[in-house]
Amino acid sequence: MVKHDLVAGDLPGGAPSLRRDWSRAFRIMLVVLLAAAVATLVGVLVRDFSDTARRLDRESVTAAILRGNVVDHESTAHQLLSGAVVDRQAFLSQQAGISVAFHDALGTFPAGKDADVLGQAARSWQAALTKAGLWGDQLDALQGPHDELQAELSANSVRSPGTPGRRPNLGAPGDARAAGP
């Protein structure tokens, strides 16, 4: 059996020893390494959460603005179908602006469910206006009140939740209600 004798410097209060100095240096390096690892992990997590929060905020704001614009445009569409005097050029300009906003928003949202819902909302919005005779050049032929078209447009309204056949809700990204019925 090997006997390990204590070196005189290993005793407390004794002279310094190389073994004790190396042990202390190793413990210090280990603590510094662990602190660096924790700081790196915290930095990565904070950055990832911050990036995700900014992306969700941008998407939510984009969806809210689009929804507001579509609702305003829909109100004007109902006025047109009721035979009220409306600035048709402003209506078409708003329509073009919303189309561009949908296109830009599709570039903002990452590919996936939210972008698919947004694309479906854009197509549904255009289809509902086309069916009502309010898309682009069709507007020139529209004269007087059209109660039947107004009822059909109301059935596809973004403002009438729970109505069968309605357009997808432009709620917050990831919102279960955004997928529609």
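The values are calculated or read from the model by the stated rules, or taken from the named source; none is laboratory data. Being a predicted model, the structure only gives us computed values, none of them experimental. Note: ideal-geometry Cβ built from the backbone for every residue, glycine included; neighbour counts use all protein chains shown.
Numbers for the structure displayed
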| read-out | value |
| --- | --- |
| Count of the stretch 97-129 residues which are over 25 Å from ALA77 (Cβ atoms) and β-branched (Val, Ile, Thr) | 1 |
| Output for the stretch 106-138, where each listed residue is under 13 Å from VAL70 (Cβ atoms) and among the charged types (D, E, K, R) | ARG123 |
| Which listed residue, of GLN150, GLN95, is modelled with pLDDT of 85 or more, within 17 Å of LEU80 (Cβ to Cβ) and buried (at least 17 other Cβ atoms within 10 Å of the Cβ) | GLN95 |
| Filter pass, VAL100 being under 16 Å from the mean Cα position of the chain (by Cα), assigned to a helix (DSSP H, G or I) and either of a type in the set (Asp, Glu) or at negative phi (or both) | no |
| Residue within the stretch 30-49 that is touching a Ser or Thr at 6+ places or on another chain (Cβ under 8 Å) and either over 30 Å from PRO145 (Cβ atoms) or not polar (S, T, N, Q) (or both) present | no |
| Pick from the stretch 101-131, criterion under 19 Å from VAL61 (Cβ atoms) and small (Gly, Ala, Ser), ranking: surrounded by the fewest Cβ atoms within 10 Å (Cβ to Cβ) | GLY107 |
| Positions within the stretch 14-64 being part of a helix (DSSP H, G or I), farther than 30 Å from LYS113 by Cβ and of a type in the set (S, T, N, Q), in sequence order | SER23, THR40 |
| Some residue of the stretch 49-67 being touching a helix residue (DSSP H, G or I) at 6+ places or on another chain (Cβ under 6 Å) and not β-branched (Val, Ile, Thr) | yes |
| Qualifying positions in the stretch 57-92 - surrounded by fewer than 18 Cβ atoms within 10 Å (Cβ to Cβ), of a type in the set (Gly, Ala, Ser) and over 21 Å from ALA141 (Cβ atoms) | SER60, ALA64, GLY68, SER75 |
